Each structure stands twice: as structure tokens, then as C-alpha cells.
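Notes follow once the structure below has been shown.
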């Protein structure tokens, strides 16, 4: 039996579509009775109806449609009217796309295929963007051709939309996740939304203000050009129960854009078939209290169905942006907290620094006079002991101030170490041994074991000094019997310092906190209950700066051992701080406060004597004044009247001293009488010491006056800052009378020596210039006579050639000698006078260059000089000097090029500059000579070829002339190309100089 000849047989099975087809009288349709259908069509219909994949047959010239149950959802509202109807009628909105594909399959038997193909359909009551993957195959007609098209289609809209929306969510997260500011997070997130206009035609993000009453526009995208901007700020009351936004938030249903535009008083989108008609409003998650972080308004695409997936996509967007905003807010809050802590830290550092200043000034005024009195023989017995007690406690206070300042600088990161290869054993022995006398008086033994190490250790000597002194002093404070041991040993790739004592020990529960700042062991028995509690903390920080560690081991009642471990070598240290130059305070100055403190613990009345006390000990009787030979006029500026009086009394036996209270008064005093030296406090009201120093250095009259800054601010950075500002010296309070006098006399002595040397140098320069002028004048007179006579003879027509040649050589030699004298004078002027003077005026460079070339052509018969001139040729230059430049460069080119080759000269203008270019084809200048070519006495050839040449000043003078015009000279010298000198000078280079000169004479 032939395949399905009756309708019942052809449409057997097939579900709902099979039943629908069986119910139709096909004889009344374009397809005709089923029995008349071709066997191929009847067979294909049965195959399609039994298939669960969406399939449709489009038969004949009109592409009449027969489809299965799986294809029905694709048709939407077009079913069931599409059955048996031409595809061009059913899919009229897309037939301009599908028609050619069908024709190609039917006419040529060519199969077609597409994946995720976008088609704009009318199947659900609105214009919809849908995506399909399909294949078109020909259906045989039984006569060797195609009778129709079999379409296998699957809608992939969900897949395409899902991937697109997932990409948008990823972009939102990736772009805003690392944002550190709320504004950045909002802008990046909304920018990512703007990259998907198919799902999100527009978006507005409003974020809550700090006042809790308003929201402000943080970012927007998709607004058409020329549209009115949305309101930058809205009251939260606008989202009340009567407002459209509140309604949308509660119902989670789209809000009509017309209502939204009316509410926002703006046009959000342009007109057109894709203009959105509805928008979604979503609240941004906010604080735990429930207040929202803001609101996100997103337009809905009119080409997409607003379904649960679309709604979920927008909810995820709001969640992502909420997270990004929350993260940014958390980062900002953390940053604010860090800045607050940093400000507290800065305030603490400033406080410590100011405390240092406030303590150091009275300490100077206290210790200085005390030292002077103790140095005399006027006190005896109890009075001397009382004054020594004052002095000792003043030094102890000084040590405390220094320790606090050191620690604050360490915490602020303002300490710059200077690591140097150091004989650590020798340095440690010296520091520990300074305590020998104090330890002996305490009835203890000091055991120092520091054998030489196999290699120097990289340390900052001043920091190491503080480490050792603090540890040994701490051991002495808490040891009442037995011994203190200081040992230094090599251990593997490290060096270990151990400071051991047989003292009271540390309770186990206190050990973990022993290096904490300001921590003191409660109930500990020591020689004194006083102390800052930062000595061990300072030790730990200093050791860390060396890349090392410090630990404490202790047994209560038996003693403690502190161990410092430092790595050998320098690989672990900052390279820029290795072997850096640094001025170290004498070791004695660092030891003295510790020894005086120890003497106080031990009940010693007199201060510790010896070299350890030298820097801060009471001064011996000051050397007698050496008369006016070492004197001078000193200007002292300090806002503290006691300090002015104290320093004045120290200095007035040797110098005349003028005192003022601030920088402004100091400037007026210096104008009235120029001082030989200025002593100025750094911190003064109004104009401080640094400002005064800048004023002095800025004025020619006072620029060379020696300047010493007095400051209570200790530390390397303060000293370096003072010296970098231009001070000759920087003296930290408190200082002794001997130190002040030594610094003042040293600076004055150096200043006088410097002034003497400068005076001698100027005298020598004046003499040299005068001598060269006289010699040049005396040489020029006979040379002028020789030149004139030779020129006169050469003009005589009856002169024979054999007579003309020697006279011509005489003329040429005399001209060369004249140029050498001129170059010598210019060289002297440039070297001693700070440059060559120019007299610029309006100049025709074309005419000048032609004149120079004509003169040199006449002086060098047989040589060719080519001149190429372009541009206007107008410039404001010194004509004589410009001619000198051209003459020197062309003569140089003639000298160093082969006789048969031309010298090419170009004059042109470029970018506001006049350019003079001289080229020769001679041998290139050796590369090693190029950097020195414009130095005096240099020539562009090897020494072997220098015999009989010029003195080597031509190019030096060319360079000075060009620079005086504000220009520069360039050289290009390459094998086979020759050498080119290029001079570039601004065309109006001399205009400023002319104006200045006229202004001076006006």
C-alpha cells in the first residue's frame, strides 16, 4: 500500500495537531485533497507529526504551512490560523528575512542553517525580539526537484537573554567590586548597565544622603541627548504612600514611564519604536535599621516580555549594586577611621615634638647657668651638692625628652637609619664598659665578653648605642646582687647580643607584654619606680629597623636575659640607606644621661666624671677671650627673653651681640647693620627661623652671611632639613657654653676663609682679564699694520704671481692671528664674566650670511661654499656675533673637509626659530670627542693631527654666543654622511634683551 493515501492514515497520531489536521477538509484548501498530495509530502507530514522537535513543512510555491505540536508555541497567537496558510502571510513581519532563505532552498536545493538568529515577531500582542536556531532542508517533489522546505526550529531566546544578562551582572560586579569610593562604585555599575541597552534602555541610581531626608542622583545612563536632566536631589518624603515610586516598590510592578517622567519633571527617553513605556523601581539594601541606601530606576524594553526572569534579573542587579555600594561605604569608613588614627598619630608626633621644644629651651636655660656655676670655684659643701643634684636631674629630664622624641619619630616612620659596616664588638665593649664604675659602686660585677667578630656588621651606630645602653641600664636598675653580663657572639649567619643579669626577674604572665610601650611590670622591685616605660619598646623598634629580633627570658627571683639577634650582611637592609653619610653625636653624649641616672639610683652625689660626661658635663672655665681678632658682630633672634640674655652673656666677651625677638626685627637690624653671623631660633612667632633664613639667602646683600639655627627639635631629619634650607650649622638645645662658642667660632672662621678665597679668586680673574686685554691690544696693533700692508700690496696690479703668493700667505696668517686674539678675548669674557654680551637688533640674516660666505670664498680660492636661503630672513639677533658664529662654523668645515668637496650652508626658519646649518663631507668626528666638543681647547680630531691647528676655542665661543641668544647647537656626525652643525635660535631672541637694556637706560 502506498504511504498514507487517506487523511486518517496521513494524520494518524500527531497529538493535537494530528487531530486538528484530520478535522479539516483539505479539498477546500490550496493544498487540495490529501489523496492528491505527493507521496513525499504525505510521508514528510507523518514524520513531522510524530516528532517532538519543533518542525514545520512549507510546501509549494506559496510555502503553505503544516506543523507539529512542538512548533505551536513559536506561533503564539498566530495558531491555529497559520495551519495551511502561506508563510508569507503568517510571518509577514519577518518575511523580508525568511523569504529569500526559502526561495534559495526551493529553487536551488541549498540547505540553510543559523544559530541564535534574531527575529522581531508579532505573536504575543506586542513587537518582540526573539532568537532561534534553525535549519532549512529541501523536500523532494518526486520529479528530481524540491517541492517544499522542511524547517526545524528551536527558540533560544531564554538562552540568549540569560547569557546576556549574566554577562551584564558579571560586568556590574567586576567593574564596581574594587571601587574604593561610593561615587566610583555607582558610576562604574551604572556604566556597565549602559552596555546592555537591549534589556535596560535607561537607568537612574539615587543614593541616600547623610541627612537621612534626601536622595541624590549618583549615576545615570541611556538618557537621550538634549533631554532635560533628572532632578539631582529628591526628598525621601516623595516616596511616601501616595507617591508613584512607593507604589511601584510595594507592588513590584512596572511603573509607567509617563508617570515617572511627570514625577521627575524630565523626559527620560526619546521617541521611537523602541522607546520604553514602563520602568522598574527597586530599593537598594541599606542599613540594618531598614533605611534604604537608595533607589534604582531601570527602563523596561518594549521588545521583551516582562516575566519572572526579567524581574529576577533586575533584582539581581539591585543586589549587586547594593553590595558594591556597601563595600565602598565600608572601605570609606575604614579609610576615615585610618585617617583619624593617622591624624591622632600625627597629632601625637607633633605633640611630642612640641613638648621636646618646650622642654629643651628651659633645659638649656637651666643646665647652662648651672654648668657655669659648677665650673667655678665659688661653691662648696652642701651648696655644690644641691646644684649638682639639679644638674643631674636636668640631664635625666633631658634623657626622658630624647627617649620620648625617639619613640614618636619611630612610630611616625620618620627615622632614617644610616647602616654602616661596624666593628660591633669594639663598639659594644666601649658602651658596656662605660657602666663599669656604676656597676662596681652598686656592689655588682660587670662581665663583658665580646670577642672580635669574623666580619663587620651593618648597623646604625647611634641606634645600636641606644639598644645597648637601654638594656644594660635596665639590668642595673633591677639587679641588687650578683652580676651583669654583656656578651656578643657569632651564631650561624647571625650575631647575637645578650645582656644577662641576676636580678629580680620578671613574672611569667608579664613576659608577653614586656616590650609593649608604656608597659611597666607591676610590683617589680627596682632601684627606682620612675621611668617612662618605653625603653624596651624603643629597643624592639630599633632592632626591627635592622631586620633583627629581640626576646626576653626570665625566671622570677633569679634574673633575666635579653637577646638581640641581627642578620649578617646587608641584603636585608634598604640599599639607599647603606653607608649613607651621617653626622653622629659623640658616644659620650649618649652615655652621659644613662650614667647620671644610674648615679641617682646609687645615691652618688657628684655627677659621673670622665669622657662619658664630656659633651653635657659642666664646662670647665672657658678659654680667655682672644681679643677683637676673633670677634665680629652677631645678630641673635629668639622670642625667649631668657634665652636671648643667656646666649648674649655667653658671647659678648668675644663678640658684639645684637638681640631681637623675631625674624621681622632681625631683617630690619640686618638692613641697618650687616652682621658677621646670625644666630636664630627656629620656632618664633610671625617670621620663624626658616623664613628668616630664606629671606637672607634671597637677597644679594645678605646671601653670604653665615647662619646658625638654634632648635629644640632633635633628630636627623630636623638637622638635615636645616642644612638643606641653607643654614651653615644646626645646634640642638640644650647646648653647653663651650659647644656654642666652638660652633660660632668655627662657622665664622670658615666664612672668613671662604670670603678670603673668593676675594683672591676675583682679584686673580680681574688681573687675568686685564692682562689678556693689554696683551691682546699690544698684539693687535702690529697685526693691524701687517694686515693693512699686505692688503695694500695685494691690490697692486703689477704684482707678479711669485710675489703675490707669499704676501697672500702673510695676509691669511695675520687674519688667523686676529681671529685667535678675538677668540681668546671672548673666551676670557665668557669664563670670567659669566657669558658673552650680545647687542641684538633687527637683522637681515640672508644678507649677513651672503656677506660671510663671500668673504670666506675670497679667502679660500678653489673651495666651493654653497648657500641656500629660505624664509623671510628677518631676526632680532646680534649681527656681529651671528657673523662670528657663521665664520667659525664655515671655517671649521673648510678646515676639516677634503679640498674637492663643497661646504653647504643652509639658512631657514622652523617653528619660530631661525636655523643656521653648516655641512661638510669630511671624516666624522670621533664619538668619544662629541661630548667634549664645545669645551675650550677641544678639537674634532685626534691629538696626532693637532699640529699647526687653532687654539680650539671656536666652537666654545659659538656655543656661548648661541646660548646668549637663547638657542642651542646640535651636531650630527656619521661615517659616509659627513658632519652637520645646526644652530637654532629664537627669531626674536634679542627682543627681551633690547627691552631690558632700554628699560635700564630709560
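The values are calculated or read from the model by the stated rules, or taken from the named source; none is laboratory data. Just so it is clear, the structure is predicted and the values come from calculations on it, not from any experiment. FYI the Cβ positions are ideal-geometry reconstructions off the backbone, even for glycines, and counts take in every protein chain you see.
Descriptive notes on the structure:
- Against the list (1) touching a residue at least 60 places away in the same chain (Cβ under 8 Å); (2) surrounded by fewer than 21 Cβ atoms within 10 Å (Cβ to Cβ); (3) within 46 Å of the chain's Cα centre (by Cα), the condition residue 469 fails is (2).
- Selection within region 560-589 - assigned to a helix (DSSP H, G or I) and either modelled with pLDDT under 70 or not assigned by TED's automatic domain parsing to the domain that holds residue 454 (or both): 587, 588, 589
- The listed residue being surrounded by 13 or more Cβ atoms within 10 Å (Cβ to Cβ), more than 22 Å from residue 841 (Cβ to Cβ) and at pLDDT below 75, out of 950, 942: 950
- Any hit, region 45-52, residues being within 14 Å of residue 151 (Cβ to Cβ), outside any loop (DSSP other than H, G, I, E, B) and touching a helix residue (DSSP H, G or I) at 6+ places or on another chain (Cβ under 6 Å): yes
- Given (1) within 54 Å of the chain's Cα centre (by Cα); (2) crowded, with 16+ Cβ neighbours inside 10 Å; (3) in the same structural domain as residue 54 (by TED's automatic domain parsing), number of the condition residue 116 does not satisfy: (2)
- Test: residue in region 403-415 that is in a helix (DSSP H, G or I) and at pLDDT 90 or above: no
- Exactly one residue out of 962, 994 is modelled with pLDDT of 85 or more and either closer than 28 Å to residue 875 by Cβ or in a helix (DSSP H, G or I) (or both), and it is 962.
- Listed conditions (1) surrounded by fewer than 21 Cβ atoms within 10 Å (Cβ to Cβ); (2) more than 20 Å from residue 308 (Cβ to Cβ); (3) touching a helix residue (DSSP H, G or I) at 6+ places or on another chain (Cβ under 8 Å); (4) not assigned by TED's automatic domain parsing to the domain that holds residue 105 are all met by residue 210, apart from (3).
- Residue within region 610-626 that is more than 30 Å from residue 386 (Cβ to Cβ) and at pLDDT below 90 present: yes
- Yes/no for residue 427 being under 19 Å from residue 602 (Cβ atoms) and surrounded by 15 or more Cβ atoms within 10 Å (Cβ to Cβ): no
- Within region 479-500, the presence of at least one residue that is over 26 Å from residue 545 (Cα atoms) and buried (at least 19 other Cβ atoms within 10 Å of the Cβ) is confirmed.
- When residue 549 is tested against (1) modelled with pLDDT under 90; (2) under 23 Å from residue 425 (Cα atoms); (3) surrounded by fewer than 17 Cβ atoms within 10 Å (Cβ to Cβ), just one condition goes unmet, and that condition is (1).
- For the condition over 23 Å from residue 306 (Cα atoms) and either surrounded by 14 or more Cβ atoms within 10 Å (Cβ to Cβ) or outside the structural domain of residue 256 (by TED's automatic domain parsing) (or both), residue 190 does not qualify.
- Just so you know, in region 132-147 the residues that are surrounded by 18 or more Cβ atoms within 10 Å (Cβ to Cβ) and within 60 Å of the chain's Cα centre (by Cα) include one that is nearest to residue 36 (Cα to Cα), and it is 134.
- Extreme residue, surrounded by the most Cβ atoms within 10 Å (Cβ to Cβ), among residues of region 30-44 that are in contact (Cβ under 8 Å) with a residue 40 or more places away in the chain and under 19 Å from residue 82 (Cα atoms): 41
- When restricted to residues that are buried (at least 17 other Cβ atoms within 10 Å of the Cβ) and modelled with pLDDT under 90, region 839-852 contains 1.
- Residue match in region 791-806 (condition: outside the structural domain of residue 895 (by TED's automatic domain parsing), under 18 Å from residue 895 (Cα atoms), at pLDDT 70 or above and in a helix (DSSP H, G or I)): no
- Members of region 304-319 found to be part of a helix (DSSP H, G or I) and buried (at least 17 other Cβ atoms within 10 Å of the Cβ), listed by number: 310, 313, 314, 317, 318
- Selection within region 102-113 - touching a strand residue (DSSP E or B) at 6+ places or on another chain (Cβ under 6 Å) and surrounded by fewer than 18 Cβ atoms within 10 Å (Cβ to Cβ): 109, 111, 112, 113
- Odd one out for residue 650, checked against (1) at pLDDT below 90; (2) surrounded by fewer than 17 Cβ atoms within 10 Å (Cβ to Cβ): (2)
- Any hit, region 98-110, residues being within 27 Å of residue 129 (Cβ to Cβ), assigned by TED's automatic domain parsing to the domain that holds residue 139 and not in a helix (DSSP H, G or I): no
- Contacts under 8 angstrom Cβ, first residue in region 954-975 being assigned by TED's automatic domain parsing to the domain that holds residue 927, partner surrounded by fewer than 16 Cβ atoms within 10 Å (Cβ to Cβ) and in a strand (DSSP E or B), 6 or more apart: 962/968
- Filter pass, residue 99 being farther than 22 Å from residue 52 by Cα and either surrounded by fewer than 16 Cβ atoms within 10 Å (Cβ to Cβ) or in contact with a helix residue (DSSP H, G or I) (Cβ under 6 Å, 6 or more places away or on another chain) (or both): yes
- Scanning region 854-875 for residues that are at pLDDT 90 or above and either under 24 Å from residue 894 (Cα atoms) or assigned to a loop (DSSP other than H, G, I, E, B) (or both) yields 864, 865, 866, 867, 868, 869, 870, 871, 872, 873.
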